[in-house]
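*Asks:* Got a structure here, written out as structure tokens. Questions coming.
The values are calculated or read from the model by the stated rules, or taken from the named source; none is laboratory data. Keep in mind the model is a prediction, meaning the values are calculated, not measured. Because the Cβ atoms are built from the backbone with ideal geometry, glycine has one as well, and the counts that use them run over all protein chains shown. For accessibility, only protein heavy atoms count, side chains too; no ligands or nucleic acids. Shrake-Rupley method; radii C 1.70, N 1.55, O 1.52, S 1.80 Å.
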Amino acid sequence: MKAEAAFAKPRSLRLDYAFSGGGATCRDFWQASGPKQTQAPITAWRQAFKQLLAAGELLSGVPTSVASMSVVCNDPAPGTQSDYRRVSLTAQLAPDLTLDELSRVFLGVFIADDKPDIFVNAFVSLAGSNSPFQPIPFDYNATFDFYLCPVGFGICAPYRWDPNSAHFPSP
């Protein structure tokens, strides 16, 4: 373990959710967030991810915090007949975690998000249930569930996406 700790580097987790805002696009998402990105919906998405990470930290027993976070919003490719947009949040965790610690945090977050949806409920409590940018969980396909992944291991879904191949929960 000491040898692994010597090679520890910043570790990140990425979380992908979608929104279907009745015609709202990623441009609308950014404009609603304000010129300095200090308003909902982006602040609600960030805080919801932080709450989910905190729940994962409790379950994993590995103390960690968010050192930085990036947000990417993807409209579907031109010609795609879908109203879904994807938002990817990537949180760099601190302190630098070993691979074992990252695995435990990842599993804690995965278990926490599988309970009554902490992320969606946190967003609604911060931005309201009428927000057109309310997160919707989805799976990338019937086999793989990569809406949450550790960054840098080649298993995260690509940033370009096709909402027509995604699996959304039944209403």
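*Asks:* Can you tell me how many residues within the stretch 29-56 are open to solvent by 10 Å² or more (accessible area, probe 1.4 Å), more than 16 Å from MET69 (Cα to Cα) and either at pLDDT 95 or above or not in a loop (DSSP other than H, G, I, E, B) (or both)?
*Replies:* Number of matching residues: 3.
*Asks:* Separate question: Yes or no: the stretch 62-84 includes at least one residue that is open to solvent by 60 Å² or more (accessible area, probe 1.4 Å), touching a helix residue (DSSP H, G or I) at 6+ places or on another chain (Cβ under 7 Å) and modelled with pLDDT of 90 or more.
*Replies:* yes
*Asks:* I need a count of the residues in the stretch 129-171 that are over 22 Å from ASP114 (Cβ atoms), under 15 Å from the mean Cα position of the chain (by Cα) and at pLDDT 75 or above.
*Replies:* 1
*Asks:* So, in the stretch 58-79, exactly how many residues are under 20 Å from PRO137 (Cβ atoms) and assigned to a loop (DSSP other than H, G, I, E, B)?
*Replies:* The qualifying residues number 2.
*Asks:* If the requirement is being touching a Gly at 6+ places or on another chain (Cβ under 7 Å) and not acidic (Asp, Glu), which of these qualifies: VAL120, VAL105, VAL66?
*Replies:* Selected residue: VAL105, the only one of VAL120, VAL105, VAL66 that is touching a Gly at 6+ places or on another chain (Cβ under 7 Å) and not acidic (Asp, Glu).
*Asks:* Can you go through LEU126, LEU148, LEU89 and tell me which one is in contact with a helix residue (DSSP H, G or I) (Cβ under 9 Å, 6 or more places away or on another chain), of a type in the set (A, V, I, L, M) and open to solvent by 20 Å² or more (accessible area, probe 1.4 Å)?
*Replies:* LEU126
*Asks:* Which of the residues that make up the stretch 7-20 are surrounded by fewer than 18 Cβ atoms within 10 Å (Cβ to Cβ) and within 18 Å of the chain's Cα centre (by Cα)?
*Replies:* PRO10, SER20
*Asks:* Can you confirm whether the stretch 93-110 contains a residue that is within 30 Å of GLY21 (Cβ to Cβ), without any contact (Cβ under 8 Å) to a residue 60 or more places away in the chain and either over 13 Å from the mean Cα position of the chain (by Cα) or open to solvent by less than 30 Å² (accessible area, probe 1.4 Å) (or both)?
*Replies:* Taking every residue of the stretch 93-110 in turn, none turns out to be within 30 Å of GLY21 (Cβ to Cβ), without any contact (Cβ under 8 Å) to a residue 60 or more places away in the chain and either over 13 Å from the mean Cα position of the chain (by Cα) or open to solvent by less than 30 Å² (accessible area, probe 1.4 Å) (or both).
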